[in-house]
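Shown next, in C-alpha cells, is the structure this report addresses.
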Amino acid sequence: MALGFFSRLKQGLSRSTQKLTSGLSGMFTRRKLDEAALEELEELLITADLGPSVAERVIESFRANRFGSEVTDEEIRLALADEIAKILEPVAQPFTPDTTHKPHVVLVVGVNGVGKTTTIGKMARFFTEQRRKVLLVAGDTFRAAAVEQLQIWGKRTGCPVIAGPAGADAAGLAFEALKQAQAEGADLLFMDTAGRLHNKSALMEELAKIIRVMRKCDETAPHSVLLVLDATTGQNAIEQVRVFLELVHVTGLVVTKLDGSARGGIVVALADTFGLPVHAVGVGEQAEDLRPFTAQDYARGLVGYSGETERE
C-alpha cells in the first residue's frame with residue numbers, strides 16, 4: 001500500500017527523530033521532571049538544532065506545567081510535540097497564488113544546490129494538476145545543468161520554459177517571460193535565479209535588476225519571493241535567511257531534503273527566529289514528496305510520536 005504523506009513525513013524525518021529521541025528514551029523511564037532532568041532535556045533540544053531560544057521556551061513551559069511530575073518518555077514526546085506545534089502554527093501557511101494577478105509572479109531564490117529548480121518543478125506540477133496555466137523561467141543562466149533540469153520539468157508538467165543562451169541576462173529573460181505570460185493569460189510564472197553567495201553584491205545587483213525590469217511590465221511584481229533552504233545545512237540555514245533578507249523581500253520559505261538530514265529541528269528554529277511563512281517541506285525526490293507544511297504533523301513526526309492516525 002502506498003504510504004500517506006504523514007507516514008512519508010515521519011519516515012523522512014526519521015534521522016532527525018532518532019537524534020532527538022534516542023536521548024529521551026534513556027533520560028525518561030518514569031522519572032521526576034526535576035531541575036536536573038530539565039537541564040538534560042534543554043541540552044538535548046539544542047543539539048537537535050531547535051536552537052537555544054526554542055529550547056528555553058519549551059523548558060519554561062515544562063517547568064510551569066509539569067515540574068515535579070513523574071513522566072515517561074512517551075508523555076514527554078507528546079508534550080514536546082505540542083510545544084513545538086505552538087511555535088510552528090503561526091508560520092504554517094500553504095502557498096496560495098493571488099488570482100487577481102495574471103500571472104502571479106514567483107521569484108525563487110536560494111544558494112546553489114538547495115533544490116530551487118526541483119522545487120519549481122514540483123510546484124509547477126501541483127498547480128498544473130489544479131488546471132492552472134504555469135510558465136517557468138530558467139533564470140540561473142550561468143548553470144547549464146539548472147537550465148536543462150528546468151526544461152526536463154517543463155516537459156514532465158507540460159509547462160512552457162523560457163530560457164536563453166548560456167550567460168544570458170536574467171533580467172532580460174524575466175521581462176520577456178512576463179510579457180509572454182501576460183499575453184497568454186498565464187496564472188503563474190515561476191522564475192529560477194542564481195544563488196552564488198560568494199559574491200553577494202553581484203547577486204544583490206542581479207536580483208534588484210530582475211525586480212526592477214519586471215516592474216516595467218507589472219509594477220506589483222514579483223508577488224511572492226520564495227527562499228528555498230536545504231535542511232542538511234542545519235544552523236547555516238539561519239544565516240542564509242539573514243543574507244537573503246538583506247538582498248530581497250522574502251515572503252516565504254520552502255525547506256527541502258529533510259529525508260537526508262538529522263537536522264529537522266532547524267525548521268522550528270527558523271520559525272522562532274524569523275516568523276516567515278513556511279509554505280512547504282520536501283521529504284523525498286518524488287513530486288508528491290513536496291507538500292504544504294502543517295504544524296502538528298511536522299511536530300509529531302519530528303518527535304516520533306506514534307499516536308497519530310494516518311491521513312493524506
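Read-outs throughout are calculated quantities, based only on the coordinates presented, and are distinct from any laboratory measurement. Only a predicted model underlies this, so the values are computations on that prediction, with no experimental measurement involved. Note that each Cβ is placed from the backbone with ideal geometry, even for glycine, and that neighbours are counted across all protein chains shown.
Taking 0.36 nm per residue of sequence separation and removing the Cα-Cα distance, the E40/K179 pair yields an extension gain of 44.2 nm. Each label was represented as a point 7 Å from its Cα along the Cα-to-Cβ direction; for A168 and E239 these points are 3.5 nm apart. Put in order of Cβ neighbour count within 10 Å, fewest first, the listed residues Y298, Y305 become Y305, Y298. With helices as the sole contributors, the chain gives -15500 deg cm²/dmol at 222 nm; each DSSP H run of n ≥ 4 counts as -39500 (n - 2.57), and the sum is divided by every residue. Loop-located GluC sites (Glu not before Pro) in segment 175-223 (DSSP state other than H, G, I, E, B) with a sparse environment of at most 12 neighbouring Cβ atoms within 10 Å: E219. The stretch between Q286 and K216 holds 21.5 nm of extra length on full extension. This uses 0.36 nm per residue minus the Cα-Cα distance. For the chain, find the longest principal axis of its Cα atoms and tell me its angle to the long axis of helix 236-247, 0 to 90°, nearest 10. The angle comes out at about 40 degrees.
Across segment 15-161, Cα pairs under 8 Å and at least six residues apart give a relative contact order of 17 percent.
Annotation: the residues R300, R291, R63, sorted from fewest to most other C-beta atoms within 10 Å of their own C-beta, follow the order R63, R291, R300. Fully extending the segment from H249 to K86 would add 56.1 nm, taking 0.36 nm per residue of separation and subtracting the current Cα-Cα distance.
Computed on the chain, with alpha-carbon pairs under 8 angstrom and 6+ residues apart, the relative contact order is 29 percent. Close amide H pairs (under 5 Å, H built 1.01 Å from N) link H104 with L188, L189, residues at least 5 positions away or on another chain. With one equal scatterer per alpha carbon and no solvent term, the Debye-computed log10 I(q)/I(0) for segment 25-86 at 0.17, 0.20, 0.22 1/Å reads -0.49, -0.70, -0.86. Simple point charges give the picture: +1 on the Cβ of Lys and Arg, -1 on the Cβ of Asp and Glu, and for segment 37-132 a dipole about the Cα centre of about 1180 debye. Remark on G252: its backbone amide H falls under 5 Å from those of V225, L227, a criterion applied only to residues 5 or more positions apart or on other chains, H modelled at 1.01 Å from N. Converting phi to 3J(HN,Hα) with the Karplus coefficients 6.51, -1.76 and 1.60 and the offset θ = phi - 60°, segment 88-101 yields 7, 3, x, 9, 6, 10, x, 6, 10, x, 8, 6, 6, 9 Hz in sequence order, with x at every glycine or proline.
Each of M214, M204 was scored by other Cβ atoms within 10 Å of its Cβ. Listed from fewest to most, they are M204, M214.
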